[in-house]
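Attaching a single structure in structure tokens format; questions to follow.
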Amino acid sequence: MIPVPVLIETAPRTEVQKIEALIEAVANLEDAVFIRNGAEHTPKEAADHLRLKWKNAGGRVKKAPDFIRYCASESSLSGKPYLIRFKDGHMVLSRDWLWTELKRMEAER
């Protein structure tokens with residue numbers, strides 16, 4: 001008898017898991033620089049900052065899009081957008097990069 005492969009369907013990620021995955025994606029970006037209020041930060045520093053903002057956001061952040069909107073797009077002090085500069089020198093708004101990452105993550109499901 002030939003064994004039949006069993007397809008195991010995984011449960012969709014919770015919103016908390018999506019947010020954690022987005023933060024981890026930031027932390028794991030190699031050779032990237034995060035620019036917040038004109039200052040440069042490592043991916044790990046950026047991830048730590050995003051985690052702190054998430055914690056401080058309280059009940060405002062219920063879903064991953066809320067996290068991107070309220071925590072990961074711009075400085076709550078200056079209103080300046082967060083930027084990511086990649087090794088090749090091109091820069092993107094962190095908001096745009098995170099939206100793309102969220103869509104990619106959700107499409108994997």
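The values are calculated or read from the model by the stated rules, or taken from the named source; none is laboratory data. Every value quoted in this text rests on a predicted model; they were computed, and no experiment measured them. Note that we place each Cβ from the backbone using ideal geometry, even for glycine, and neighbour counts take in every protein chain shown.
All but one of (1) at pLDDT below 95; (2) closer than 19 Å to Gly38 by Cα hold for Ala57; which doesn't?
Unmet for Ala57, out of (1) at pLDDT below 95; (2) closer than 19 Å to Gly38 by Cα: (2).
Given the conditions (1) loosely packed, with under 12 Cβ neighbours inside 10 Å; (2) small (Gly, Ala, Ser); (3) assigned to a loop (DSSP other than H, G, I, E, B), and given that Ala107 satisfies all but one, which numbered condition is not satisfied?
For Ala107, the failing item is (3).
Still on this structure, please answer the following. Tell me whether segment 88-98 contains one or more residues that are in contact (Cβ under 8 Å) with a residue 60 or more places away in the chain, in a helix (DSSP H, G or I) and of a type outside the set (Ser, Thr, Tyr). Spell out how you get there, then give the answer.
Just the residues of segment 88-98 that are in contact (Cβ under 8 Å) with a residue 60 or more places away in the chain, to begin with: 94, 98.
Filter once more, keeping what is in a helix (DSSP H, G or I): 94, 98.
Add one more test, that the residue is of a type outside the set (Ser, Thr, Tyr), and what stays is 98.
Looking through segment 88-98, at least one residue is in contact (Cβ under 8 Å) with a residue 60 or more places away in the chain, in a helix (DSSP H, G or I) and of a type outside the set (Ser, Thr, Tyr).
Another question, if that's okay. Looking at segment 30-40, can you tell me whether even one residue there is surrounded by fewer than 14 Cβ atoms within 10 Å (Cβ to Cβ), of a type in the set (A, V, I, L, M, F, W, C), part of a strand (DSSP E or B) and modelled with pLDDT of 95 or more?
Yes: one or more hits.
Moving to a separate point now. Looking only at residues that are hydrophobic (A, V, I, L, M, F, W, C) and either surrounded by fewer than 14 Cβ atoms within 10 Å (Cβ to Cβ) or in contact with an Asp or Glu (Cβ under 6 Å, 6 or more places away or on another chain) (or both) in segment 59-90, which one is nearest to Lys18 (Cα to Cα)?
Among those that are hydrophobic (A, V, I, L, M, F, W, C) and either surrounded by fewer than 14 Cβ atoms within 10 Å (Cβ to Cβ) or in contact with an Asp or Glu (Cβ under 6 Å, 6 or more places away or on another chain) (or both), it is Ala64.
Further, regarding this structure: Step by step: first the residues of segment 58-76, then only those that are touching a Ser or Thr at 6+ places or on another chain (Cβ under 9 Å) and not in a strand (DSSP E or B), then the one that is farthest from Arg104 (Cα to Cα). Which residue is that?
Tyr70
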